[in-house]
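Inspection log for the structure reproduced underneath, given as structure tokens.
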């Protein structure tokens, strides 16, 4: 049977679904449940942030002064732009414009590289100064608040987990680019593009909260 | 088909512009940047703006506004579970007898 060897023939669907839309909706349902677990995983870190920030407000205010909000703001804009180009890639797939779809995915991937590049510069700068998490904290400058290592534990854990999600998202986008270039996405089939897009938007969503919490603490 | 609703390009563009404008607003009302001081409200304003941005991303980029309401139900339940996580920890935090640390 053709569906076994070629489960994704043009406009086709796998044999255990009623139709292509049923398959599409089922995939999206699965991704949304996965995003739910992602939010709860980050939720634990957000709870930790609020508890520590409440107990050691001076530590968090001083800790944030070692971060440059300009880097954070640029990264926020870059991620928002990448979310925009991600939805445009789906938009062009829906309109059967393969070339534009691929271009938008490349821009999204480029934004991922810019984000991680800025993150790399920030991390390197802090590591050189000894602004490290917990007991590894070895900053030799003048420090006001006690236990600044706690702030940087929180900072590295939250941005590190977020950054690893960006890297995974970039890998998934490369996969989408390969498939899009083969012309696999069109108005009838763009399920993986949609699901990768949802994941990418979630990564953006988490950064929307991380930026004011970590960079703009008052 | 609900999942294959094509949203006009202009909607996406306007949402992006709104998100960028709100990012500028976030920075503009931050105390370490502008010196804007509204006490505890600084934090609430920052979280409020972030939530409006999150709402825009979910409604338009993630298509919740147009999609099957099942996905909306999932995200609402996620928020409820998150509130439960925060709530129980806060109850524990507020009702805990002081612990004398020797660290």
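The values are calculated or read from the model by the stated rules, or taken from the named source; none is laboratory data. If you're wondering where the values come from, they're calculated on a predicted model, not measured in any experiment. Note: ideal-geometry Cβ built from the backbone for every residue, glycine included; neighbour counts use all protein chains shown.
Among the residues of segment A:99-118, is any outside any helix (DSSP H, G or I) and buried (at least 17 other Cβ atoms within 10 Å of the Cβ)? Before you say what the answer is, go through the steps one by one.
Kept after step one, since they are outside any helix (DSSP H, G or I), are these residues of segment A:99-118: none.
No, segment A:99-118 has no match at all.
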Original post:
Can you name the number of the only condition in (1) surrounded by fewer than 19 Cβ atoms within 10 Å (Cβ to Cβ); (2) within 20 Å of residue A:75 (Cα to Cα); (3) more than 7 Å from chain A (Cβ to nearest Cβ) that residue B:32 fails?
Top reply: (3)
Original post:
Of all residues in segment B:1-15, which are at the interface with chain A (Cβ under 7 Å from one of its Cβ atoms) and either surrounded by fewer than 12 Cβ atoms within 10 Å (Cβ to Cβ) or under 16 Å from the mean Cα position of the chain (by Cα) (or both)?
Top reply: B:1, B:6
**OP:** Take segment A:43-65 and flag every residue that is farther than 17 Å from residue B:90 by Cα, buried (at least 17 other Cβ atoms within 10 Å of the Cβ) and more than 9 Å from every other protein chain (Cβ to nearest Cβ).
**Re:** A:59, A:60, A:62, A:63
Original post:
Restricting to segment A:171-190, what's the tally of residues that are farther than 14 Å from residue A:97 by Cα and crowded, with 20+ Cβ neighbours inside 10 Å?
Top reply: 2
Subject >> Residue match in segment A:127-135 (condition: within 14 Å of another protein chain (Cβ to nearest Cβ) and part of a helix (DSSP H, G or I)) >> reply: yes
**OP:** Could you tell me whether residue A:205 is in a helix (DSSP H, G or I), at pLDDT 95 or above, in contact with a helix residue (DSSP H, G or I) (Cβ under 9 Å, 6 or more places away or on another chain) and at negative phi?
**Re:** yes
**OP:** Would you point out which residue out of B:46, B:54 is modelled with pLDDT of 95 or more and facing chain A (nearest Cβ under 7 Å)?
**Re:** B:54
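In this structure, is residue A:90 in contact (Cβ under 8 Å) with a residue 12 or more places away in the chain, over 14 Å from the mean Cα position of the chain (by Cα) and under 23 Å from residue A:133 (Cβ atoms)?
No; evaluated as a whole, the condition is false for this residue.
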